[in-house]
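Visitor: Here's a structure for you.
Throughout, read-outs are computed from the coordinates displayed, never taken from laboratory work. Please read these numbers as outputs of a predicted model, since none were measured by experiment. Because the Cβ atoms are built from the backbone with ideal geometry, glycine has one as well, and the counts that use them run over all protein chains shown.
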Amino acid sequence: MPTPLRMKRINDRIKQVLSVVLISKIDDPRLAGVSVTDVKVDRELDYANIYVSSLNGEKSSREVIAGLNHARGYLKHEIAQEVDLRVMPRLRFFWDPTPERADRIDTLLAKLSEEDEKMDDLEEFISDEDEDLFDEIANKDWESDDDLPELDEIDEDDMIDDHDE
């Protein structure tokens, strides 16, 4: 059985080779925009679990997996040419939803950040208004009689009597 370091090297090398092959040597339209996100080879080197994602998202996952299964023999041959292993593992392809989940999380975080900025702007606006009002009240000379309404100026006609109605 290979050491953990050797397993990591095998996983990384298979991922690298598959990525190059998918970009440069495969002409299947189902595999356009496909990227290899991870490779896990089991300790006995029987199976290589290959996790893929696509720019088109999860809606194209079935087509992508079908295209990869169709090209399995060719991909195994290309890996065998580049990776020096006594026995080449069988390739198994799986859809990896991690990039879409990461994009969803980024979108939610951006939305929260935007809402937080709006709240900060609103709080800043409210606090600026409150400070202006406070300054206006504090600077007003409440001692002068000019600021107070004169009771004599109010006519009896201006007053509302609730009993009249």
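Visitor: How do SER53, SER24, SER61, SER113 rank when sorted from fewest to most other Cβ atoms within 10 Å of their own Cβ?
Guide: In order of increasing Cβ crowding within 10 Å: SER24, SER113, SER61, SER53.
Visitor: Order these by the 10 Å Cβ neighbour count, fewest first: VAL64, VAL87.
Guide: Ranking VAL64, VAL87 by Cβ neighbours within 10 Å, fewest first, gives VAL87, VAL64.
Visitor: Pairs of Cα atoms under 8 Å, at least six residues apart: use those to get the relative contact order of region 4-96, whole percent. Could you put the intermediate results ahead of the total?
Guide: Working: 121 pairs, mean separation 30.3, N = 93.
Contact order relative to length: 33 percent.
Visitor: Where does the charge balance sit around LEU45 when Lys and Arg score +1, Asp and Glu -1, over other residues with C-beta under 11 Å from its C-beta?
Guide: Net local charge, LEU45 excluded: +1.
Visitor: Cut-off is 10 Å between beta-carbons; in what order do ILE79, ILE23, ILE105, ILE14 appear when sorted fewest neighbours first?
Guide: Fewest-to-most Cβ neighbours within 10 Å comes out as ILE105, ILE23, ILE79, ILE14.
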